[in-house]
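The structure under discussion appears below in the form of structure tokens.
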Ligand code: THU
């Protein structure tokens, strides 16, 4: 178990909050609901859902809404994120979200991906975005 592993209760809580957050999705164009929930290192839960736009590329994914929410509330350190969709197998975060999350997370940061039945797969940000570009590269 890594130092940042979630307890069973924390995992249950982020998964339920991510599943519940699907109800907040604004997705009249794709009708593809995505809910997300972050847990901070201090134990707060912050959710997000996808928010689409009549100008389609302007829409924002659930993961980036959750991180934006958290950052605006002053949170800077995160333990894990859960992402829930209505499909099976579970969806995996898009490339833009992987890069966005990489900015604010350590390589071992876990992403729990839930399918429509509440089953999950998990991968670290390092696994989803290997050999990535990040803040330190600007200082090199
Ligand atoms: N979407 C997310 O919110 N997160 C993902 O990881 C994949 C895609 C959203 C974007 C858009 O609103 C809808 O799902 C269909 O692509």
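Observations, loosely collected:
- Residue exposure sequence - 76, 22 - by fewest surrounding Cβ within 10 Å: 76, 22
- Taking other C-beta atoms within 10 Å as the exposure proxy, 30, 15 rank 30, 15 from fewest upward.
- Relative contact order computed over the stretch 33-140 (Cα-Cα under 8 Å; 6+ residues apart), in percent: 23 percent
- Averaged over residues, the count of other Cβ atoms within 10 Å places the peptides 84-90, 51-57 in the sequence 84-90, 51-57, highest first.
- In range of the label at residue 23: residues from the stretch 74-89 whose backbone nitrogen is under 14 Å from the point 7 Å along Cα→Cβ: none
- Antiparallel beta bridges, as assigned by DSSP with both residues in the stretch 1-136, represent about 75 percent of the total such bridges.
- On the basis of the beta-carbon distance and an R0 of 30 Å, residue 126 and residue 56 show a calculated FRET efficiency of 0.45.
- Exposure proxy for 138, 11: other Cβ atoms within 10 Å of each Cβ, ordered fewest to most, give 138, 11.
- With the highest mean first, a sort of the peptides 37-50, 124-137 on other beta-carbon atoms found within 10 angstrom per residue produces 37-50, 124-137.
- Each pair of Cα atoms in the chain enters the Kirkwood radius, and Stokes-Einstein at 37 °C and 0.692 mPa s then converts it into a translational diffusion coefficient of 218 µm²/s.
Any read-out appearing in this document is the output of simple, stated calculations on the displayed coordinates, not a laboratory observation. Predicted, not measured: the structure shown is a model, and the values here were computed from it. So basically every Cβ, Gly included, is an ideal-geometry build from the backbone, and we count neighbours across all protein chains shown.
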